[in-house]
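A short write-up of the structure that comes next.
Derivation of every value follows stated rules applied to the coordinates shown; laboratory data play no part. All of these numbers come straight from a predicted model, not from anything done at the bench. Virtual Cβ from ideal backbone geometry, glycine too; neighbours counted across all protein chains shown.
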Amino acid sequence: MYVQHSEIKANRKLLYVQLRYEIETVFILAAISSGMGRNLLMSNVDVGTGTGGGTTSPFFEKLVLEAGALKQVAPFFLEHGSRRLLLAADANTYEAAGRKLEQSMREAGLEPSLCLLEPAETGDVVADEAAIVQLLLAIEPGMTEALIAVGSGTIHDIVRFAGHKCGIPFISVPTAPSVDGFTSAGAPLTIRGMKTTVPAVSPTAIFADLDVLMRAPQRLVAAGFGDMLGKYTSLFDWKFSHLTGGEPYNEQAAEITERALASCVRHAREIGGRTQEGITALMTALIESGIAMLLFGQSHPASGAEHHLSHYWEMEYLRRGRRALLHGAKVGVACAEISRLYHDAAERGVFPGGEPEALRRHGELVRSWLADVPSEAAIRELLQLAGGPSSLAELGIGDGLFARSLREAHRIRPNRHTFLRALNEA
Ligand SMILES: [Zn+2]
């Protein structure tokens, strides 16, 4: 169900995908129509097995990735008969897309209100108690019919959580191709200074406007690319955890992620140059990666040891009250570091401790999977092509923190049998 360009070009293709989402079985009917170019329409029918407690399954009713997508938001709500809408943005994303969207909705006769989320002390909007309460106060019980997340992954997380708690659907209007979490069903929140992922909902519709995305700052574009490059090591770790820890595996979700990653790498130069082709390829890949996680129901396809390192650094920054680094910027550099560690261990016999039992038993297989993970140098080169940081020094991660994170990061997800965990526990 990945969004491949040849498929987008094909007129009216229908794909049926049966998937298991936690305790429910959901059928997704994906109807891809070319329309004016890249217009993807997906809808699904919840045919829950009846074992759940009345939770709603994640689905996209509409997915638009094209220039001028903002203009399609108002007709979408008119079609659904929803008028009272609450738009959540921060000062930057309001300027990037929010103001224009609000205006077009008013002109269409809708009644949008605005919640301009306040930044935390560090200067960024953070998905914490303060931001969540600010949004909850702006929601009018029994009146607000839908929420609109305009902006970053963080704004999406605040909105997906508040919407979920209030039983109000939300739609996604990303303002930068910076992360693959726009479509996610879980919300990583910072509660009492601790990062915790809370169940929430995925958007009912996504309107990704290329005119907006192409004006996104380079560092955000490079971060999205870094988040995608991280799939090299997450896909490897997923296979390894399936083999050695019996963790569930899904070929289809793996294949979607692999193809999204390959497309991103093929377009690295265009992404760095922020051409329309590059931004389209990147945003498509980020959405596909999100869909792979929704299909699988867990984050395995898109998150392995490189994400655990990134989370470790993030928590340390939170503890120190430092301004957060971009998620994808950390993931990209962490992917290069993990690649070095893994190749050193499996191919050169360099271990942080002893040789893991799993490597003794499955060395050949592990090395064959590792052949798909580019060298540290190749990953850094790709990061540079996209115009993002490629080293710990550029990120500002010191040697002490890095060494500690390499030893301890696997404990962030103690139930994941990554190769990093095997190396640290050997
Ligand atoms: Zn990520």
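Taking each residue as 0.36 nm, the span from GLU129 to CYS166 lengthens on full extension beyond its C-alpha to C-alpha distance by 11.8 nm. Placing +1 on the Cβ of every Lys and Arg and -1 on the Cβ of every Asp and Glu, with nothing else charged, gives segment 58-216 a dipole about its Cα centre of roughly 220 debye.
In terms of distances greater than 27 angstrom between alpha carbons, the cross-link table entries LYS165/LYS195; LYS195/LYS231; LYS195/LYS330; LYS239/LYS330; LYS165/LYS239; LYS71/LYS195 yield LYS165/LYS239; LYS71/LYS195. Applying the Karplus relation 6.51 cos²θ - 1.76 cosθ + 1.60 with θ = phi - 60° to segment 363-374 yields 3J(HN,Hα) values of x, 5, 5, 4, 5, 5, 5, 5, 4, 7, 9, x Hz, where x marks Gly and Pro. Note that segment 193-248, at 20 °C in a medium of 1.002 mPa s, gets a Stokes-Einstein diffusion coefficient of 143 µm²/s from its Kirkwood radius over C-alpha pairs. Compared with the direct C-alpha span, the chain from ARG83 to GLU277 gains 66.4 nm at full extension, assuming 0.36 nm per residue.
Across all Cα pairs in segment 201-328, the calculated P(r) in 5 Å bins from zero up to the longest distance comes to 2, 11, 19, 19, 19, 16, 10, 3, 1, 0 percent per bin.
Were the residues from ARG259 through ASN415 laid out at 0.36 nm apart, the gain over their Cα-Cα distance would be 53.5 nm.
Relative contact order of the chain, taken over Cα pairs closer than 8 Å and 6 or more residues apart, is 14 percent.
The 3J(HN,Hα) values that the Karplus relation (6.51, -1.76, 1.60; θ = phi - 60°) gives for segment 88-105 are, in residue order, 10, 8, 10, 4, 6, 6, 5, 5, 5, 8, x, 4, 5, 5, 4, 4, 5, 6 Hz. Gly and Pro appear as x. Per residue, the convex hull spanned by the Cα atoms of the chain measures out at 133 cubic angstrom. Among LEU86, THR197, LEU229, pick out the residue whose Cα is farthest towards the positive end of the charge dipole of the chain, where Lys and Arg carry +1 and Asp and Glu carry -1 on C-beta, about the Cα centre. Projecting each Cα onto the dipole axis, the largest value belongs to LEU229. Between the residues SER184, HIS327, GLY273, the greatest Cα displacement towards the positive end of the dipole of the chain, with unit charges on the Cβ of Lys, Arg, Asp and Glu, is found for GLY273. Amide hydrogen proximity for VAL126: with H placed 1.01 Å from N in the peptide plane, the residues at 5 or more positions away or on another chain lying under 5 Å are ALA120. For segment 58-216, the Kirkwood estimate of hydrodynamic radius, built from reciprocal distances between every pair of different alpha carbons, is 15.3 Å. Is the shape of segment 163-271 rounded, prolate or oblate, going by the alpha carbon gyration tensor and its root eigenvalues a ≥ b ≥ c, with a/c under 1.5 for rounded and a/b larger than b/c for prolate? Oblate, because a/c is 1.5 or more while a/b does not exceed b/c.
Here the dipole of segment 283-402 is about 340 debye; that uses its Cα centre as origin and unit charges on the Cβ of Lys and Arg (positive) and Asp and Glu (negative).
Between helix 251-266 and the chain, what is the angle of the helix's C-alpha long axis to the longest principal axis, kept within 0 to 90° and rounded to the nearest 10? Compared with the principal axis, the helix lies near 90 degrees. A cut-off of 5 Å between modelled amide H atoms, ignoring neighbours fewer than 5 places along the same chain, links LEU87 with SER113, LEU114, CYS115, ILE148. The long axis of helix 218-229 is offset from the longest Cα principal axis of the chain by roughly 60 degrees.
Residues in segment 336-343 carry Karplus couplings, in order, of 5, 5, 5, 4, 4, 4, 5, 5 Hz; the curve used is 6.51 cos²θ - 1.76 cosθ + 1.60 with θ = phi - 60°, and Gly or Pro positions show x. Here r is the Cβ-Cβ distance between ARG340 and ARG99 and R0 is 56 Å; the resulting FRET efficiency, rounded to 0.05, is 0.80. Name the residues whose placed amide hydrogens come within less than 5 Å of the amide hydrogen of THR197, ignoring near sequence neighbours (fewer than 5 apart) on the same chain. It is LEU189, by chain and number. Report the Cα centroid-to-centroid distance between segment 87-151 and segment 230-290 in angstrom, as an integer. Distance between centres, Cα-based: 30 Å. From the Cα gyration tensor of segment 118-157, with a ≥ b ≥ c the square roots of its eigenvalues, which class applies: rounded if a/c is under 1.5, or else prolate if a/b is larger than b/c, or else oblate? Judged from the Cα gyration tensor, segment 118-157 comes out oblate (a/c at least 1.5, b/c at or above a/b).
Using a cutoff of 8 angstrom between alpha carbon atoms and counting only pairs six or more residues apart, the relative contact order for segment 320-420 works out to 33 percent.
Over segment 229-425, the fraction of Cα-Cα pairs per 5 Å bin, rounded to whole percents and listed from the shortest bin up, is 1, 8, 16, 21, 21, 17, 11, 4, 1, 0. Result for the chain in a Gaussian network model with C-alpha springs under 10 Å: among GLY230, GLY167, GLY98, the largest mean-square fluctuation is at GLY167. Report, in degrees rounded to the nearest 10, the 0 to 90 angle that the Cα long axis of helix 399-408 makes with the longest principal axis of the chain. The two axes meet at around 90 degrees. The label point for ASP399 and the one for MET194, both projected 7 Å from the Cα toward the Cβ, are 3.3 nm apart. Label point of ARG361 set 7 angstrom out along Cα-Cβ; within segment 394-426, amide nitrogens under 17 Å from it belong to 416-426.
Taken about its Cα centre, the chain carries a charge dipole of about 160 debye when Lys and Arg each add +1 at the Cβ and Asp and Glu each add -1 at the Cβ.
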